[in-house]
Structure formats: C-alpha cells, structure tokens
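What follows is a short report on a single structure.
The values are calculated or read from the model by the stated rules, or taken from the named source; none is laboratory data. Not measured: the values here are computed from a predicted model. Note that we place each Cβ from the backbone using ideal geometry, even for glycine, and neighbour counts take in every protein chain shown.
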C-alpha cells in the first residue's frame, strides 16, 4: 500500500500551504521506499503500513529555526504514540536540504533531544520554494492509504493536537482487533500440551468486548478460544489461551494465532489479525533429557548459554546465575544440536568448567581452555538408542537465581519481537547514562554498531543475513547481552 509516497510527498511538502487536507492513494500505489537514518537503521514505508503502523513524515531543514522549534512537539507525539506509548506509530524526521551534513543532523538530534529516527538529505527538494518550512504528513495504514498534510504554521501545542486527531482518525474501522507479539510459550513441547499467550490490541473505534482467537498448526485449525473483556481504542490486554493438545507427531510446526469475529462481526482490517511462531513437538517415544552443569568463574552473572536444534530453533536458554548451576532441556533422541556458551565480558571462563549429559551419560566437557572469549560453539549428535547413566553431579541449587546485576539485565534489556524479520524494539528502560551498543554474529565478529538511548528504540537489522546474533550493551553498570534470531 505505498507507490507514490516519497516523491509525491516531497513535491507536496515543498509547495503546499494547506491547513489540514486529506489525500487518497492505495497503499500498493506508494513506492517501496527504504530510508536509512543517521544511525544507519533502515525504514521501509510500505512495511510499516503493511504492519498496521501509522507513519508520520516530518520534513524539516536544519538551518531553519521554525523547524527546530517544533522538535519538542514531535518528541511529545513520539513518546505518546511510538514504542514507549501506544506503539501504533512510526515517526520519521526527514531533513530536506541536500547540502546538510550528517554531523549537522546529529547535532540537531542531540540538541533537540529527538529520540525518533532522523533521515538526512532527500534529493530533489533543495530547489523548491518552501523547503525551509516544516511540513508534516500522517499516513494511515487503512485500505485507502489515507494520508493528511498538516499546516507548518501551527505552534507546538496545535501541532500535537492536530496530529493526535489525525492519528485517532486513522483507525477508521469500527471493528479492528489485532494480535501483537506472542509473549510466552514453550516452543519445545515435551508434555503434550500447548499454552500460548499474546497481546490483544484494539485498533477499532468501538470498544472491543469479545473476539475469537483461532489457533492453527501448519494451516489446520486446532483450537478456538473466545476472549471477553473490555478494551477501548488503542488499549491492549495480555491473553492466556487455555491449554490444548499438541500435535502427536514429532516435527517443527508453524503455529498461527488469528483474531476473528470482533464483537461478533467481521474484522474490517484483516492485515494485522495474526502472528506466527515455530513450535517443536517431540513425540513421547523420542524424548530425551539433556542435563547441563556449569561451574563458572567469579562472575557467573556474565554467563549465558543456548541450545539450538538443526532447524535453528532455540530449545533452551539460561542466564542470571549466581554460582554453579544445573539445567535440564527436553530434546529429540538421535538428532543433532548446537550448544552455545556466551561470556558477556568476552574474557571466557577463566577458572570455570562444565559438562553436558544425555540421560545422565556425559556427552562432552569444557573448560576455560575451550571457552576463552566472547562465545564458544559445540556441535554434537545424540545417540538414537536409549541408555542411562549416573554421571551427573549433585544439583547445586543455583539455577536461575538472579543476582542484582541480572535483575537489571532482565528488567532493562529486552529485544522483541524475537525471532524477527529485521525490525526490532530494544527496551533499555532500566539502564541510564552513556550506552555503547553493538551487534555480533556467531563468530564473534562485530557486524553493526547501534545508537540506543534509555527507553525503547526501534532498530532495523534487515540488512543482516538470516542467523543468530548477539546484541551487547555496555554502560557503567556492566556489560549485558541478549541473543536475537533473524529469520526472513
């Protein structure tokens, strides 16, 4: 739903002086345009609209004080409707003078306390008559692709008022229920039941009082859950679906949650109705148990581990330890796996060691000689025959007992959605001060630097290949790490 957006919007913002006007263009008629902001994050307009996001395009020029004066109002709008608020809107600040340097844009971003993305140099505007004036467009994600021009002569309070009204008007549907990210579920099924939960979001103008949630496995409907409650427009609720039987056969299934029949009628905007996730099902006769024992060095809070199957799906993950720990993971007998050990400070185990066991029989052991840097990967295949041993050490009782440092990590550093196709939100609400953020691949190679601020920041990693990455954040409190899976 996008074809003329970039060039048509540029022409309009450079020549129009309307108070507030609406223009119609189907989203498929807008160009599939990708902007790169000054922090090297990419923003695809068509993808934002297809996701049901409202897009605000704020055109400005760094040399014009009238533009800079509107930054506080735009930041207020971003905090209200961006990832820290209703999370319905993407705001892009586009600098329209070709001659403006990235350094000048960065300085404006810093001095103007702008946390929304700023994009420098849109070619073709510098010779137009009104480039020195701020212009704003609010683009709705509805089927008509409705977008509205906002007069640049409004003061800050008027700008906030008008844009808020336009954002509210974007949800032109009375019934529009949306499934947001699945929040938690066991993606490895070893107890024959599935219990997913998700965020339900009402984009419609009518209060949402009931909706059916259809659960499908590989396209086959397996369960329907009826939610009742009360959600006003833009409100959300966490929904826990009643447990239902998992598929009987071993395999990787595509689980889809889809919201249908809001308030007993048809959903008038189906583009945002569903979310998908991979689910690993292991039949009872093929289930085995792995036991992981690790005795870390003097900094156990730096240790993270992960077990991944041959399809790239994470079967187990752990962090936040305060000493020796013992963990168990359900796996498929006879399959092959990758085990990753990660040290947040990139200095390895020092004096640490560990072992991995199958049904009590040791598979392999590792010491500080094997793990002396950022991460270590072990590849192994399990025996197809069942055998049982008694080699596992006694449980030290420290599994997942978080230290204060770990509490900071779990509350302050979250990346979602995960897995992702490229666009993620990084939540650093518990971290303060100067932040150094970097992305590493599985080989430990630095692939991208990130410019993050306290709170939630949208980060576009769609330029990276499909695979597993580590996002590392450093500040005065320490070094924190989260794993991210990109799946395209």
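Some observations on this one:
Quick grid of which residues meet (1) surrounded by 16 or more Cβ atoms within 10 Å (Cβ to Cβ); (2) under 16 Å from the mean Cα position of the chain (by Cα); (3) in contact (Cβ under 8 Å) with a residue 60 or more places away in the chain:
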{"position": "56", "(1), (2), (3)": "yes, no, yes"}
{"position": "72", "(1), (2), (3)": "no, no, yes"}
{"position": "75", "(1), (2), (3)": "yes, no, no"}
{"position": "97", "(1), (2), (3)": "yes, no, no"}
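- Hits in region 317-341 (condition: under 16 Å from residue 278 (Cβ atoms) and at pLDDT below 85): 317
- Looking at 80, 90, just one residue is modelled with pLDDT of 85 or more and more than 19 Å from residue 161 (Cβ to Cβ), and that residue is 90.
- Search result, residues across region 205-227 that are within 27 Å of residue 54 (Cα to Cα) and modelled with pLDDT of 85 or more: 206, 207, 208, 209, 210, 211, 212, 213, 214, 227
- Test: residue in region 124-142 that is modelled with pLDDT of 65 or more, farther than 30 Å from residue 236 by Cα and not assigned by TED's automatic domain parsing to the domain that holds residue 204: yes
- Taking the criterion of being surrounded by fewer than 16 Cβ atoms within 10 Å (Cβ to Cβ) and closer than 28 Å to residue 341 by Cβ, the only residue of region 448-462 that qualifies is 449.
- Within region 298-314, considering residues that are outside any loop (DSSP other than H, G, I, E, B), out of contact with any helix residue (DSSP H, G or I) (no Cβ under 7 Å at 6 or more places or on another chain) and modelled with pLDDT under 85, the one surrounded by the fewest Cβ atoms within 10 Å (Cβ to Cβ): 314
- Restricting region 431-457 to residues that are closer than 25 Å to residue 86 by Cα and assigned to a strand (DSSP E or B), the residue that is modelled with the highest pLDDT is 450.
- For region 199-221, a residue qualifies if it is touching a strand residue (DSSP E or B) at 6+ places or on another chain (Cβ under 7 Å), without any contact (Cβ under 8 Å) to a residue 24 or more places away in the chain and over 22 Å from residue 269 (Cβ atoms), but none of them does.
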